[in-house]
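The values are calculated or read from the model by the stated rules, or taken from the named source; none is laboratory data. Note that the coordinates shown come from a computational prediction; the quantities given were computed from them, not determined experimentally. No Cβ is skipped: glycine too gets one built from the backbone with ideal geometry, and neighbour counts run over all protein chains shown. Note: areas computed on protein heavy atoms with side chains; ligands, DNA, RNA excluded. Shrake-Rupley method; radii C 1.70, N 1.55, O 1.52, S 1.80 Å.
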Amino acid sequence: MTTRKVKDEDGRVWRCEPDGETVPGKDVNLHCRTTGVQDVIKVKVSWQWAKMAEKGLARMILSAVR
């Protein structure tokens, strides 16, 4: 998976993409963007981020924003 969209509790839709290749067993750095937030949000997640629950990923993004 190259990109993934998740909706946060405020209703914003975030588009996240990995910084490089996803390698089994290695954490992945995601770059997430949404309208209304000018900066790119960077989040480090498990290599299985594509299977992660949408709400869990959205919470991780929001905690990086705050």
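What to note about this one:
- Label-to-label distance, residue 44 versus residue 7, with points set 7 angstrom from Cα along the beta-carbon direction: 3.2 nm.
- Farthest toward positive dipole pole in the chain [+1 Lys/Arg, -1 Asp/Glu at C-beta], among 58, 47, 3: 58
- Take the Cα of residue 31, step 7 Å toward its Cβ, do the same at residue 19, and the gap between the two points is 0.9 nm.
- For the range 47-63, backbone phi angles converted through the Karplus equation (6.51, -1.76, 1.60; θ = phi - 60°) give residue-by-residue couplings of 5, 9, 4, 5, 9, 5, 4, 4, 5, x, 5, 4, 5, 5, 5, 4, 5 Hz, Gly and Pro being listed as x.
- Each Lys and Arg contributes +1 and each Asp and Glu -1, all at the Cβ; summed about the Cα centre of the chain, the dipole is approximately 120 debye.
- Values (1) 23; (2) 46; (3) 17 are given for comparison; percent of Cα pairs over 20 Å apart, derived from the coordinates here, is the one labelled (3).
- Loop trypsin sites (Lys or Arg not before Pro), the range 1-49, which have at most 12 other Cβ atoms in a 10 Å radius of their Cβ (DSSP): 26
- Ordered from highest to lowest accessible area with the whole protein assembly present and a 1.4 Å probe, 46, 63 read as 63, 46.
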